[in-house]
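The values are calculated or read from the model by the stated rules, or taken from the named source; none is laboratory data. A quick note: this is a predicted structure, and the numbers were derived from the prediction, not measured. A quick note on method: Cβ atoms are made from the backbone with ideal geometry, for glycine too, and the neighbour counts reach across all protein chains shown.
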Amino acid sequence: MAVATATTSSNEKASVAPGSQTDGFHLLIDALRLNGIETIYNVPGIPITDLGRYAQAQGMRVLSFRHEQHAGYAAAAAGFLTKKPGVCMTVSAPGFLNGLTALAHATTNCWPMILISGSSEREIVDLQRGDYEEMDQLAIARPHCKAAYRILHAEDIGLGVARAIRAALTGRPGGVYLDVPGALLGQVMDAAEGQKSLIEVVDPSPASVPGPDAVSRAVEVLKSAKKPLIILGKGAAYAQCDDKVRQLVETLGFPYLPMSMAKGLLPDTHPQCSSAARSLVLKDSDCVFLIGARLNWLLSHGQGKSWGEKGAKKFVQIDIEPSEMDSNQKISAPLIGDIESCATALLDAIGDNWQKPSEEWTGAVRDKVEGNIAKMAPRLQNNNVPMNYQGALGALKRAIAENPDTIVVNEGANALDQARSIVDIHKPRKRLDVGTWGIMGIGMGSAVAAAVETGNQVLAIEGDSAFGFCGMEIETVCRYNLPVCIVIMNNNGIYRGDGENWSGGEDPATTVFVEDSRYDMMMQAFGGVGVHVTSPDELKQAVDAAFASRKPTLINAVIDPAAGKESGNIGNLNPSSVVAQERYPQAKKIK
Ligand code: ADP
Ligand code: TPW
Ligand code: MG
């Protein structure tokens, strides 16, 4: 029996010999490729081992990880970077659950991703007859993603994949679960019929144009502002209409704040960038124009002391998701649509006679920005040993300024908050971090995806704790020989390395790790370059060498264990105990 395989390139249906057969494995591969999906982030095992093999044999890039969570984070990051669903493939029950965290993370961040998991047969699962890795995966996935589908028949594979792709991309993007029972993969059908059953999805993220009333309302509100501010969010970076966003920001002439993954959409060195005057612009602005950014916890819900007087601000918001409006504050002028269509409509409506905000406002912001940058500059030049965050990150800031195409991956607490404010990003989508959940462990999956999807050099700036959540994936980085340079900001612990056990007992404190761990030697174990550095100058040299060689590199950067703050910049979110200060004298030191 001849089994037809699609030997075409993607986006093209295979021609098959009459009478030949195909199967579920190959139809699934053909369906993905027909829709331009060429990469799978994978962990093999029953029942999907051969699916990965065949996909690779068919010319797809199949990257195998050591743990599904990181394959999933890679797929999520790929979705953000490419505006196409990143695909993660796992085995059933435990593998599926490991991947599910990443699917929920993708959904929370509004990134398109598809988690394909092998599963047991419904006949066994639904009667709970106790299969190998039995679990009702479809039901468990559903609350954690945008949509969840199961395919039972080979002739429905085209439909299932099309549904998954469209659900991931349409409107607000998100994660989709696709349940693939083992028996489906082996099902055989006529190859020509199989090819006919595949669907190439047409226009999965259609333009969504705002109504003319909404546009003129927004123009009126923006026009009436005396002290306007733009906040750019990662939705604006995802939208890939960089020139339009820049044109809108520059035409309006408002100071703007980039959220962390919107950094670089316009270069952080842009004259309107007000990151270094964040407190001033949040507090004193009278109108805030949100572009692909939610007023969630990252913006303290648009309220509280940092936002100045209650009710004194008007909000204008562009978002693809209508229900986002008024989720935290009254939105005086909602613009529902995709960012490119909304920006185009606004630019058309305001024409050539736009009055930029007064010099009194923009000048005050600019003065504050320049003053703060000048104050910070000498601290970023320090060559102290042991290093503090500013000295180490000053060196990394210079490395990125010299290599602006590098994609920065960043996680940790102090290692995150300080790097976000110190390391300028110069181009769009060149920063991947912990996202909306502030999740630890995204580092290595994001780094692999960034290198694989773009071919660019990657610099992963990792807290030592954050790295511990994903560290085994350095073997993956070495195995695929990716241009990834990892810098561990090694302060011997979570937030700080000088925590104490308040019982006075033998066990180490809950927040500390083995002192002076040599993470660089882990990298050497896999054939990568491992470097141990103790000063900013040494750190810069090691990063320069990594960028020049593009070899997998891990730099263990020794940071003063006392340099960090509890929970980085968000210590205020920790609940407090009324009795702690009285019971533990040491607690005073931390708050
Ligand atoms: P940040 O964390 O950077 O503030 P969020 O993840 O909170 O960003 O917000 C991103 C927003 O962007 C989401 O509300 C999402 O619906 C929206 N979004 C995503 N893609 C688009 C698009 N193409 N056009 C308009 N809005 C978009
Ligand atoms: C999945 C809680 C937030 S930040 C952090 C943890 C454990 C580590 C901070 O230490 P690190 O950085 O990385 O060494 P530094 O520079 O301050 O020392 N589990 C998950 N996500 C989160 N956010 C946590 C736990 C947390
Ligand atoms: Mg640490």
- request: State all residues of the range 213-259 that are farther than 29 Å from residue 432 by Cβ and free of Cβ contacts under 8 Å to residues at least 24 places away in the same chain; if no residue qualifies, say none.
  value: 213
- request: Report yes if residue 466 is more than 9 Å from ligand 2 (Cβ to nearest atom) and over 17 Å from residue 525 (Cβ atoms), otherwise no.
  value: no
query: Tell me, which strands (runs of 3 or more DSSP E) wholly within the range 403-472 include 2 or more residues that are of a type in the set (A, V, I, L, M) and more than 13 Å from ligand 3 (Cβ to nearest atom)?
result: 407-411, 458-463
task: Check every one of the helices (runs of 4 or more DSSP H) wholly within the range 102-200 and list those with 1 or more residues that are among the basic types (Lys, Arg).
output: 122-125, 157-169, 191-197
message: List the residue pairs whose Cβ atoms are under 7 Å apart, where the first residue sits in the range 559-587 and is closer than 26 Å to residue 537 by Cα and loosely packed, with under 15 Cβ neighbours inside 10 Å, the second is hydroxyl-bearing (Ser, Thr, Tyr) and at pLDDT 95 or above, and the two are 6 or more positions apart or on different chains.
response: none
- request: Look at residue 495 and say whether it is near ligand 2 (Cβ under 9 Å from one of its atoms) and of a type in the set (Phe, Trp, Tyr).
  value: yes
Residue satisfying condition, being away from ligand 1 (no atom under 15 Å from the Cβ) and surrounded by fewer than 16 Cβ atoms within 10 Å (Cβ to Cβ), within set 364, 377: 377
- request: Scan 515, 538 and give me the residue that is more than 27 Å from residue 260 (Cβ to Cβ) and surrounded by 13 or more Cβ atoms within 10 Å (Cβ to Cβ).
  value: 538
message: One residue is enough: does the range 482-499 have a residue meeting the conditions more than 12 Å from ligand 3 (Cβ to nearest atom) and surrounded by fewer than 19 Cβ atoms within 10 Å (Cβ to Cβ)?
response: no
- request: Please find, within the range 309-325, the residue that is farthest from ligand 3 (Cβ to nearest atom) out of those that are within 16 Å of residue 229 (Cβ to Cβ) and crowded, with 18+ Cβ neighbours inside 10 Å.
  value: 314
Breaking point among (1) farther than 22 Å from residue 70 by Cβ; (2) of a type in the set (Val, Ile, Thr); (3) away from ligand 2 (no atom under 16 Å from the Cβ), for residue 448: (1)
- request: Being under 27 Å from the mean Cα position of the chain (by Cα) and more than 15 Å from ligand 3 (Cβ to nearest atom) narrows it down to one of 574, 569, 556, so name that one.
  value: 574
- line: Expected single match for farther than 16 Å from residue 466 by Cβ, aromatic (Phe, Trp, Tyr) and in the same structural domain as residue 391 (by TED's automatic domain parsing) among 513, 526 is 526
task: Kindly check whether there is at least one residue in the range 390-406 that is touching a Phe, Trp or Tyr at 6+ places or on another chain (Cβ under 9 Å) and within 13 Å of ligand 2 (Cβ to nearest atom).
output: no
- line: Flagged in the range 207-248 as among the aliphatic types (A, V, I, L, M), closer than 21 Å to residue 279 by Cβ and crowded, with 23+ Cβ neighbours inside 10 Å, in numbering order, are 229, 230, 231, 232
